[in-house]
Amino acid sequence: MACQKKQLILAPLPARLLAKEEIEVLGSTCQPRPRVVTRHDIEHDITALLKRGLTSTSAGGFFFIPYLLQLGAYDLVASLGPAKHEGLPKEHLALGLVFESIFGYTAGIRAVDTVSRADFGLLAGLPFLPSPSTQYWFLQSVSVQSALDFQTALGQRLVALGHVTPGHPVNVDAHNMKTYSRKAMKHAFITQEDRYGKAIRTFYTQDQASKKPLIALAAYSGTTVSQITCRLASLTRDVLGRDFLLVADKEWYCGQLIQELHTQYGVAVLTPVKSSPKRLVEFDAVPLEHYDQTVWGNVAAVYTTMTDFNGPLRMLLKKRRDGKYFALITPACDMTADTAMPTYTKRWRIENFFAENAFLGMDHLPSLNLNAIQTMLSLRLLAFHVVDNFRHDLGPAYQKKTPQLIHREFVDGVQGRVQLRGDIIEVRIYGFEHEAAASAILTNLDTKLENAGVDPRIPWLGHRRLRFTFH
């Protein structure tokens, strides 16, 4: 009986992998040019690039991929905007924007030398660099609500990982960012030095203990705390899953707002009292015997009232040596000076957050379209948490370093070679000053991720795994 040869029949590729899309990418001269892409072509080109191998002068960028896996970043960015099954994957665009923040490309991807930075595109699973217009198309496709749902899910992930522990006070602050757009836009007060100018306002809540931002809301200039704080508090509560103490500056000193937050959202506000002739008379009337000596000075814990607030409020009144007063007020009527004073002092952590993280582009947001701004702001928060978790694992010597210093010491100038070995992406790192700290957390990465309940396969790089070796 004649032997029949078996024929290998390849299954046809799904139509969505072959669906074409015309986009703009950056050419070798950093100028945008059109390119037709399919998902199959992107996967094929990435595989070819990995098999061929490439060298990198910023190989430390790969150090952050495990932290994106830890946070479930791929699924998170997949939730942004409408579903898209053809052409350029939106997940890769979003991750590219996250890496732009980590690398300090606050001016956008134009800052990248496309001739020598194939490794930068590879981090997001792309064999090219998309043009700013292609990135903006993605940002514009996401609604404000979708971007906020992303932040809520990210915050809940931080709580589930134990990186944020509910029960600690929450700082709140508003941050103005100047824009030089020629478009008509309401002017707003920026600072005493700059007077008035066009601006976007961002409103943040921050876990006081971990210093991690929880929610960041973007708004146009002229937006008041009374208009936005209830929504901000509601989103923060969705993250934490419980009531909390909101620590604010004098801008939040408003009886109606404090009442609404307390009765409708289970949020107690701690804020300084604004001085007025009536308040000064009240301060002077507090008997000396009501003051207790504390490490924070002479403080009296008394009850008071406030216009538009229904019920008593706790007031912690401090009398300074020069005779001037400082007072904090809160509906948490059992609060003591030993709790209130140090808690308010730590509100400065949110002020420091803006200065320390400018490198990530917190002050550089695109467009005047609020949905694009909100989406970029949400991706900037993801970039912060990735960097923050990385420096935390590096140990005490690195935990207080700014993202700019982390980039300088662990990314910029770190020499490496990246090549595919089977289904493993091997990243060979060639000696740098902080090698010991990096190798301690990245050697035997597969085992460490699996022990932490994290799938070590990288969805945006063909579900391959990383292996770091240090030489």
Residues (under 26 Å from A160 (Cβ atoms) and out of contact with any helix residue (DSSP H, G or I) (no Cβ under 8 Å at 6 or more places or on another chain)) located in segment 441-463
N444, D446, T447, E450, N451, G453, R457, H463
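So that you can scan it fast, the table gives a plain yes or no per residue for (1) of a type in the set (F, W, Y); (2) over 23 Å from P213 (Cα atoms); (3) out of contact with any Ser or Thr (no Cβ under 6 Å at 6 or more places or on another chain); (4) outside any helix (DSSP H, G or I):
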{"site": "L280", "(1), (2), (3), (4)": "no, yes, yes, no"}
{"site": "Q293", "(1), (2), (3), (4)": "no, yes, yes, yes"}
{"site": "C333", "(1), (2), (3), (4)": "no, yes, yes, yes"}
{"site": "P342", "(1), (2), (3), (4)": "no, no, yes, no"}
{"site": "R349", "(1), (2), (3), (4)": "no, no, yes, no"}
{"site": "F354", "(1), (2), (3), (4)": "yes, no, yes, no"}
{"site": "H364", "(1), (2), (3), (4)": "no, no, no, yes"}
Residue match in segment 79-93 (condition: in contact (Cβ under 8 Å) with a residue 60 or more places away in the chain, of a type in the set (A, V, I, L, M, F, W, C), closer than 20 Å to Q156 by Cβ and in contact with a strand residue (DSSP E or B) (Cβ under 8 Å, 6 or more places away or on another chain))
no
Residue, modelled with the lowest pLDDT, within segment 1-26, restricted to residues that are among the small types (G, A, S) and more than 19 Å from G87 (Cβ to Cβ):
A2
What about L379, is it part of a helix (DSSP H, G or I) and either open to solvent by 30 Å² or more (accessible area, probe 1.4 Å) or in contact with a Cys (Cβ under 7 Å, 6 or more places away or on another chain) (or both)?
no
So, in segment 335-362, how many residues would count as being among the acidic types (D, E) and surrounded by fewer than 16 Cβ atoms within 10 Å (Cβ to Cβ)?
2
Every listed condition ((1) open to solvent by 30 Å² or more (accessible area, probe 1.4 Å); (2) over 19 Å from T330 (Cα atoms); (3) in contact with a Pro (Cβ under 7 Å, 6 or more places away or on another chain)) holds for L240 save (1)
Selected residue [at pLDDT 95 or above, of a type outside the set (S, T, Y), within 25 Å of D173 (Cα to Cα) and in a helix (DSSP H, G or I)] from Q264, Q256
Q256
For R157, the lone unmet condition from (1) modelled with pLDDT of 95 or more; (2) under 24 Å from Y344 (Cβ atoms) is (2)
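The values are calculated or read from the model by the stated rules, or taken from the named source; none is laboratory data. Quick caveat: nothing in here was measured; it's all calculated off a predicted structure. Quick reminder, even Gly has a Cβ in these numbers, built from the backbone with ideal geometry, and neighbours come from all protein chains shown. Only protein heavy atoms, including side chains, enter the accessible area calculation; ligands, DNA and RNA are left aside. Shrake-Rupley method; radii C 1.70, N 1.55, O 1.52, S 1.80 Å.
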